[in-house]
Every structure is written in structure tokens, then in C-alpha cells.
Amino acid sequence: MDDECIHGLEGKLCALCYPKVVTEPLVPVKKTRAPKLSSLRDPLPTAATPAARAARPVRVAGAPRPVRAEKVSTDNVDEQRVYHLTHISNLAAILRDGCLFANAALTTRPAVDISAPATRESRRDALVAGTDRSVAEYVPFFLSPNATVWESIRAESTDPRLALDAHGSEAFDFVMLVSTVKKINDGLAAVTDASTTDDETPLVPRLVAVTSGDAAGSLTRFGATPATAERMLQTLRAEADGAMILEAELLVPGSVPMELVTLIGVCNDNVRETVRGILKASAFKPKVAVYPPWFHSSADAE
């Protein structure tokens, strides 16, 4: 008789002391046949190119390539501020006219004209690309309150574009008439919609143009359609060092109604009170704000 295990069971009856060896049943291996080739040139399927993989689309010679969707810019240029500089002595006449006129539309010269005669002539000769209009037929706006021509006045530095009157004036003698791209575009669209001929044929829409630099410059590029003007603004705003936007201009054809001017920027409280006095005789009541940084040379901040 076999000896008992520690659990009191005889022989090898204890499953704990003598566990049974479990043998796994054999699993029959299925034989796989190699795929039948239609010809000796057919490649064998590999891991990289399994036989069950969907076939790639075949491009037919001469067929047009699929068009990829263009990336949509997230830069909203509508809120870009634009700035028209004028001497405070000109403000009363502008308010009486009810609008800012392009240089070519003026019947009398401003009380203080900051443009040199040569500058006015070059702008009369230069055409806005894609149009038959000269630059002088547009009202110019800066795209920055630190535009280079304005900086020349602030710093009292020589600039051939400026008249002697501008050189002899202090920066606080000027005011900034401010609007936005959206405000101007909406205003021009409203004027175009309201202005129709007797046969109800809509007039040609008035479109702004955006330049890459001085509008009279020979190398200056123009965006003179809604799409190209928007792209030009996006390019200027995205530039790393911001140098181009200091030279760039937004041009508005013909005239700009004063109701599109939302803000008048001035240098100090005394000028603000003077401007408010001028506005009392006018139907236009834009906000008048004191913002000294616009009127000090960039060299003063260093």
C-alpha cells in the first residue's frame, strides 16, 4: 500500500499533492493554398500589399487632377482701422462738405495742404492697377497710425512727399479721422445700392483698393477687387516686421461721407475741446478721443 500524503489520502489520490497533467487537444492546422496566378507576371501578395487590400484609384491620362480645398484665412480684415490725416484748420471745411474728397475732386485747395506739388502731380499720373482711374481720384487712408509719411511730420524730418506747410506744422496741429475697412465697404455698398438710373440699372460699384506701398510708386502692387484687396490686407497684417503696412494705403474712390468716420483722434485735451467746438456747428458727431502715442515720434518712445 502506498504511503498516505499529508492530506490523509492514500497513494496518488490527492489532487493537490499529485495534480493531473492537462494535455491540450491537438488543433488541426488548415492548409492554405497559394493564390492562383493568372500569369507569371502577377506579383505574390505581401504583408505590405495584402491581396484583400482595396485597389488604389487609377488616374486616367488626361483627366483633371482632383482640386484640393484652399486653406481659409482666419484673419478678419474687416476690423482693420484706417486713418486719414488732416490739419485741424481743414476740419471745418470738411464738415461743411459732409465728406472727404479725393484730391482730383477738390475745387479749392485745403487751408493747409501737406502734399508737395510734385506729389500731387505723380499721383495724378499714376493709375490704380486694373482700373482707368488715377490715384488722385481716390481718398487715401493710412493702415497704421505710425505711417512713415506721418512719422516724417512727427519727427520733423525731411520727406519729399510733404509740402512746406506740413514741415512747419507741429504734430498736435493735426487730427486723425478714423474708420474701419468694414465701415467703409458697407458705406460704399449702401451708396451703390441706393444710386440707380431711371431705368433701374445699378451703377458700377465703388470699390476700395489696397496698396503694398506708396500708391504713386512704380513698384507698388495693388489689390483693386474685393478678393485681391482682402488678400493684400492679410499679407500686410501678417508681415513679421510690419514695415510694409507703414507704407501701404487704402484708397477709396471719389469721396468718403463723414458718417463713415467713427473717431477723431487728437493729441491733447486742448485740441479735443477745439475739435468739439468745431463739431457743434455740424450734424456729424463722431467720438473725439485723446491718444498721445499717435502724435509722438517713435524716437520719443526710445
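Observations, loosely collected:
- Test: residue in region 191-208 that is modelled with pLDDT of 95 or more and under 19 Å from the mean Cα position of the chain (by Cα): yes
- Contact map, region 264-283: first residue over 9 Å from V175 (Cα atoms), second residue among the small types (G, A, S) and outside any helix (DSSP H, G or I), Cβ cut-off under 9 Å, separation 6 or more or different chains; pairs are R272/A289; S282/G98; A283/G98.
The values are calculated or read from the model by the stated rules, or taken from the named source; none is laboratory data. Predicted model, so just to flag it, every value in this text is computed and none were measured. With ideal geometry, Cβ positions are generated from the backbone for all residues, glycine too; neighbour counts draw on all protein chains shown.
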